[in-house]
Structure formats: structure tokens, C-alpha cells
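Inspection log for the structure reproduced underneath, given as C-alpha cells.
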Amino acid sequence: MRFYPRTTFFILFLLLAFLSCKKNSFESTAAENEAVAAAGKLNTASAKATSTQNEDFETGTKTAYAVANVTLASGSWSFNDALIGNSASDRKNGTQSARVRNSGILSTNFDYSTGASVVTVAHALYGTDASCTWQLWYSSNGGTSYTQAGSTITTSSTTLQTASFTINVAGNIRFQLRKTDGSTNRINFDDFSVSSYDAPPAVPVLSSVNPNTTTAGGPSFTLTATGTDFISGSTIDWNGTALSTTYVSATSLTAVVPAANIAAAGTNTITVTTTGAGTSSAVNFTVQSPAAPVLSSISPSTITAGSSSFTLTATGTSFMNNSTINWNGSALSTTYVNSTSLTATIPAANVATAGTASVTVNTPNGGTSAAFTFTISPASSGAKRFLFDAKKGETAGNADWVIDEDNSNPQKVPTPAQSNITSSTAETYWTGAISSWGIALVKAGNFVETLPSSGSITYGNASNTQDLSRYDVFVIDEPNIRFTAAEKTAILNFVRNGGGLFMVSDHTVSDRNNDGWDSPAIWNDLMTNNTVQNNPFGFSVDLTNISQLSTNVRSNSSSNPILNGIKGTVTKLEFNNGATLTLQPAANSTVQGLIWQNGAVQGNTKVMAASSTYGSGRVFVVTDSSPMDDGTGASGNTLFVGWPLYSHTQLFMNASLWLAKLQ
């Protein structure tokens, strides 16, 4: 055995002691490192709780478009064909925003280390520039390659709009904003916000809903939920069932509540749910029982027995979306106009015979109003039915050739009711330039209606409540829309089978609706271009334009019921831009002139009014619309008084009664 000197053992002892101390030092450092790492993890977790990072472009300066890096609050960005703008034309939240032109690109030179779930970007047009397109791209490999996020965005507003992109990429990620249209139009970008992908959504907090009450039976409505921590995808729930929800912001959602959800009174719970996070506390929504409806009036309130179907309007208060007009207790198909107005179509069968009906309004769960009486007056003995056309553009341009209209819209049944007309009723009882004519016929014991633009000209169609077979006389005052082939056949068969046709034309070049057809052309087309009979009435309308007060009335006409009828004797007829007629007795031997131009021979030309028969029916024609104009009508039309002048009333009333075979 070898022996070592004492000094050697001492050195070995010191070395071992040193190594022992050194190990403890290493262990301590490792422990410290673990503590630091743990602290780092806490810090990382804390960072993840901050779910969004925002770049508002308020720091940094770049005044030229040349490519360069700019240090912003979030880090270094590359601006390529872009700058930081702060002019009045730059759209911004704050004092400045990024401005990009041509095919410019904004790029982050750094990674967001916590991934990205949703990226939002505010964008708007610079100044008055035209629309632009742009895209958001992202890279998860440090910018080696990029992937487009979402679809191409079109910027068309000068007000900042927010575009939202769902990314859902974890880990390091960087972004580019690329202008893609290549134009010189410029875009402003602001408030570039990145939500961490690792941050779970918060449980939504619902503070209030608006409205928070409504009435049972009402229409659908929009409900607004206000609170915090709402995200795109959060839903408003009605009694636990999600509604189709629109995300407005992190504090606001909207949803349409269907009418079916508020059909009955009660209390409902409203919550907001975010998938993966949870459901908010509930807020109550109250559906109250509806108030009883109050019926104030009905229009019309009377009609003549045997009338065709018509629209009844109920006026009052507290009407609901499901309120109905009831006729003798039976609900009618009802249209809700608003809380003070309802309408319903009354079938012709309901007014077929004289009597009264009880009209009420009912609201389910709300009750029934007090009743109003609707009177069905008996038809006058020998009363004839006159139908005034409003389907063929009789109100086109400056014309107003209708007996009544509501808000410039001729209705089937004139209002107020004709059953209330007395011998002293003024022509302004109805609104229309020929209301005097209609009221005069009613005063004579007859019934009048209008064929509205929605009606149909038919003959022998039982399903049409205004089929010509239901009337004695059809009045067409200056049509401005050409008759269809089927309408021509209906009109001619109506006359041939005993109906009366009152024809009013106007002068040539009087196309009021600019469709290429004026009344002379339309009437000639009816008579010469049909499948029933060519020139059935024995006359044609000349393409002329005359103005005069004529006294050239048919000689030896004392027995003529039109010129010397029960309404008086005709002595004069004034035209203010009218046409003339040419008679063709060879086509119809019954045709006869009634009034000619002054100085004209009472023959087949220069005729201003004429009559004829066809089959078992009768026809009267006058070629100016101004003599029956009573000077009143819808606002905005320039009208002139013609009806009461000279012997116009006598001529047109005698002709009407003759057509109805009352003389």
C-alpha cells in the first residue's frame, strides 16, 4: 500500500467539500429555474386571459407610400404602397389610420404568440374614392407562406365598417392586409384587433331586453338584448329555445320574435347563450292580454241589395294583428292595416237581399266590440246598373274620368254609399271629374259601380263578380290602354246580347300614358280588329282635333229619345279639342248622326255625336271628353267645368237612359 502525505488528504478533503457545496448550488439554481418557469406559466396564463390585442395606428409616422417598416404600439409593421394618414379625408377612430393604394400591403413583422380566433378590421374609403376590394391573409410559419382568411371584402362606404374574420389558428401567427383591386382608389384601415384563439369565450351577461312587454296577438317584432361578453354566434333564447339572432356588438344582440310566440298572454324568460361558455341569467318578458277592440265606424255602412262584392273598412282602436271583422257573428277574412283600421271583402251573397247585418270586431282573448248596423237597401223598381270603366287608363296624365276615387285610386264601390244620395246631394259627395254624371244616375234611381284597374272585362264569366252580364250599361270614357282580343270579344258580345255601350273619345294625338295608343286609335282598333264582326257599329273615329260650340243638332228630332228625352232637349254641344266621326251606314244601317260641326251638312262626316244599335244592344258615341267634365276631381289635375253647361247634362243623361232602355 502506498501512503500519501498528509497534505494530500487535506487537498482531497477540500475538493470533496467544494464539490458538495457546488451540487447544492446546482440544485438551488434548478429549483429557482422551476420557480421562474412556474411564474412564466402564470404570466402566460394571465396573458391568455387578455383575449384581444389591438393596433389603432395612433403611434408611428409614415408620410410617403414607399415601402418601409414602421414601429407601432403592437410592433413593427411593413407598409408597402401605404402610409399613416391623419388628414380630414382619412377615415379613422382617433387621429390617424393606415391608408393603402394600388395593390398595397400592410404586414406585421412579428407573430402574435397566442394564436387567433377572430380578427376584426375597421375599413372605409379615403375621401371620395370609389369602391375597393381587399383581403386578410395569415401565416403560421413566420411569413414563409400565407393563407387567405374568409372572402374578399368590398369597401364602398366612407364611414368605417367592421369586417370580421374567423381564424381559429393556435400558436404563432402574423397577418397581411392586401388591397386587391389594383386601382388608385384608397382605403383606410383602423382598429386591427386579434382575439386569442386560446381564450375561451366568457359567459354572456344579459342586463335588459327591449321591449320587455307586448300584447298577445300582436305581430312579430324585433327584440334587442343588451349586456356584455356577447360574441358572434351568441343567441337570444325564448323560453330556452334559440331565436335567429343578429350579432350587433359585444353588448348588443337582436332577434325577431315570431307572432306565434306572443299569441297567448303570460310570462316568458329571455336568456343569451354562447356555445362553449354558458347561458346568462334570465330576464322576464311579459305578454299582456289584449284590450277589447273598439269599433267607431264602418265604411260603407249601406249598400243596395244585389250589389257585387265590396271592401268594408272598420275604423276604431285597439285592433290587433289577429283581430277579425265579423258579419252577423261570423268572422270574415280580414286584413290588418294598423291598430285603428281593418278591411274585409264582403261577398255578394251577403248583400243579395234587403235587410240589415251586424258588424263587430273580435280579438281572441280580448273580446268583441259593440256592433254597428250595416243596411242593405232594397233595389229601386226598374233600377238599371251602370259600370264605369277605370281599367283602361282613364286617370292617366291629366285625365280624371271616374265617378269616384280614394287617394287617386278608383274603387269598385264609390264611397260614401250611394244609398245615402238624395235629390239635394252635391256632386262633390264623390271625388272624380265625372262624379256629377254618376250621382245624377243614382238620383234617377239607378245603381253605379266602377271597374277598377284590378278588375277584368269579361262577358259570361260567372266567377267574375263584375262580369258585363251583371250590368245594363258599360261606360268607357276616353280609354288610354288598348283592349285585348278577349276584352274586345266581351264588349261586342255584351252589346250584341242587349247591353248598352257609352263610348267617349278624344282628339287625335291624345295619348296620355305615352304607350303609343290614344282613344281614337283604341276605339277604331276595337271596331276593325276583332273576331266578332268588322265595323259592327257603323262608324269610325276621325284623326281630327276641333274646338267649337255647335248648334248643328239633328233636324226633325222631336221623337229622338237622346235629343228630346225625359231629361230635356239638346240644343248645343261644346268641344274643346275633340275628334269627329265618319258614319258608314253600309256597315250598320241603324247608325245616325245626332250633332255635327257648325256649317256641316247633316250627313256622314264631321259628326260630333252619334248612335246605333247592334244585335239587341245599343251604342252612343261622343268624340270629346270635356263636355262631361264637372271641374272637380283628384288633386293635381287641371279640370274644367263642362257637365252643367249648355245642354250637356240633357245629352248625356238622355243617352245613358236610352242605352239602359229606360226610354
Cβ pairs under 7 Å, 6+ apart, first in segment 126-148 and closer than 17 Å to Val194 by Cα, second assigned to a loop (DSSP other than H, G, I, E, B) and of a type in the set (S, T, N, Q): Gln135/Thr180; Ser139/Ser145; Ser140/Asn172
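Please go through segment 250-302 and pick out each residue that is outside any loop (DSSP other than H, G, I, E, B), among the hydroxyl-bearing types (Ser, Thr, Tyr) and open to solvent by 60 Å² or more (accessible area, probe 1.4 Å). Outline the logic, then answer.
Going residue by residue through segment 250-302, those that are outside any loop (DSSP other than H, G, I, E, B) are 252-257, 259-262, 266-274, 278-279, 283-288, 294-299, 302.
If we keep only those that are among the hydroxyl-bearing types (Ser, Thr, Tyr) too, we end up with 252, 254, 267, 269, 271, 273-274, 279, 286, 296-297, 299, 302.
Thr267, Thr279, Ser296, listed by residue number.
Quick check, is Gln650 in a loop (DSSP other than H, G, I, E, B) and open to solvent by 30 Å² or more (accessible area, probe 1.4 Å)?
Working: in a loop (DSSP other than H, G, I, E, B): no; open to solvent by 30 Å² or more (accessible area, probe 1.4 Å): yes.
Here the answer is no, as Gln650 does not meet what is asked.
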Quick one: would you say Gly438 is part of a loop (DSSP other than H, G, I, E, B) and touching a Ser or Thr at 6+ places or on another chain (Cβ under 9 Å)? no
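I'd like to check which strands (runs of 3 or more DSSP E) are fully inside segment 496-556 and have at least 2 residues that are open to solvent by 30 Å² or more (accessible area, probe 1.4 Å). Break it down stepwise before answering.
Working: elements: 500-504, 539-541, 546-550.
Those strands (runs of 3 or more DSSP E) span 546-550.
Would you tally the residues in segment 86-107 being farther than 14 Å from Asp191 by Cα and in a strand (DSSP E or B)?
Restricting attention to segment 86-107, the residues satisfying the condition of being farther than 14 Å from Asp191 by Cα are 86-89, 100-105, 107.
Now restrict to residues that are in a strand (DSSP E or B): 100-105, 107.
Adding up the residues that qualify gives 7.
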Please determine, by comparing only the residues of segment 429-460 that are open to solvent by 60 Å² or more (accessible area, probe 1.4 Å) and not hydroxyl-bearing (Ser, Thr, Tyr), which one is nearest to the chain's Cα centre (by Cα). Gly460
Within segment 216-235, which residues are open to solvent by 40 Å² or more (accessible area, probe 1.4 Å), more than 24 Å from Thr166 (Cα to Cα) and modelled with pLDDT under 95? Pro219, Ser220
Taking segment 413-428 as the search range and keeping residues that are open to solvent by less than 60 Å² (accessible area, probe 1.4 Å) and among the small types (Gly, Ala, Ser), which one is modelled with the highest pLDDT? Ala426
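Considering segment 388-421 alone, what residues qualify as being aliphatic (A, V, I, L, M), in contact with a helix residue (DSSP H, G or I) (Cβ under 7 Å, 6 or more places away or on another chain) and touching a residue at least 24 places away in the same chain (Cβ under 8 Å)? Break it down stepwise before answering.
Filtering segment 388-421 down to residues aliphatic (A, V, I, L, M) leaves 390, 396, 399, 402-403, 413, 417, 421.
Subset that is in contact with a helix residue (DSSP H, G or I) (Cβ under 7 Å, 6 or more places away or on another chain): 403, 421.
Scanning segment 388-421 gives a single hit, Ile403.
Can you pull out every residue in segment 461-479 that is under 22 Å from Ser656 (Cα atoms), open to solvent by less than 60 Å² (accessible area, probe 1.4 Å) and touching a residue at least 60 places away in the same chain (Cβ under 8 Å)?
Taking segment 461-479 as the starting set, the residues that turn out to be under 22 Å from Ser656 (Cα atoms) are 466-479.
From what's left, open to solvent by less than 60 Å² (accessible area, probe 1.4 Å): 466-468, 471-479.
Residues satisfying the conditions are Gln466, Leu468, Tyr471, Asp472, Val473, Phe474, Val475, Ile476, Asp477, Glu478, Pro479.
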So which pairs qualify, if the first residue must be in segment 290-316 and more than 11 Å from Val361 (Cβ to Cβ), the second must be surrounded by 15 or more Cβ atoms within 10 Å (Cβ to Cβ) and among the acidic types (Asp, Glu), the Cβ gap must be under 7 Å, and the two must be at least 6 apart or on different chains? Ser308/Glu449
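Of the residues Thr315, Thr311, Thr335, which is open to solvent by 20 Å² or more (accessible area, probe 1.4 Å), at pLDDT below 95 and part of a strand (DSSP E or B)? Steps first, answer last, please.
Working: Thr315 fails: at pLDDT below 95; Thr335 fails: at pLDDT below 95.
Answer to the selection: Thr311.
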What's the total number of residues in segment 100-125 that are open to solvent by less than 30 Å² (accessible area, probe 1.4 Å) and either more than 16 Å from Val169 (Cβ to Cβ) or among the hydrophobic types (A, V, I, L, M, F, W, C) (or both)? 11
Among the candidates Asn168, Asn188, which residue alone is crowded, with 17+ Cβ neighbours inside 10 Å and either without any contact (Cβ under 8 Å) to a residue 12 or more places away in the chain or in contact with a Phe, Trp or Tyr (Cβ under 9 Å, 6 or more places away or on another chain) (or both)? Asn188
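When you look at Gln176, is it touching a residue at least 60 places away in the same chain (Cβ under 8 Å) and open to solvent by less than 60 Å² (accessible area, probe 1.4 Å), yes or no? Steps first, answer last, please.
Working: touching a residue at least 60 places away in the same chain (Cβ under 8 Å): yes; open to solvent by less than 60 Å² (accessible area, probe 1.4 Å): yes.
Criteria met by Gln176.
So which strands (runs of 3 or more DSSP E) stay within segment 136-183 end to end and still have 3 or more residues that are under 37 Å from the mean Cα position of the chain (by Cα) and either under 15 Å from Ile105 (Cβ atoms) or not aromatic (Phe, Trp, Tyr) (or both)? Steps first, answer last, please.
Numbers: elements: 147-155, 161-169, 174-179.
So the answer is 147-155, 161-169.
The values are calculated or read from the model by the stated rules, or taken from the named source; none is laboratory data. These numbers come from a predicted model, not from an experiment. Note that we place each Cβ from the backbone using ideal geometry, even for glycine, and neighbour counts take in every protein chain shown. With ligands, DNA and RNA removed, areas are computed over all heavy atoms of the protein, side chains included. Shrake-Rupley method; radii C 1.70, N 1.55, O 1.52, S 1.80 Å.
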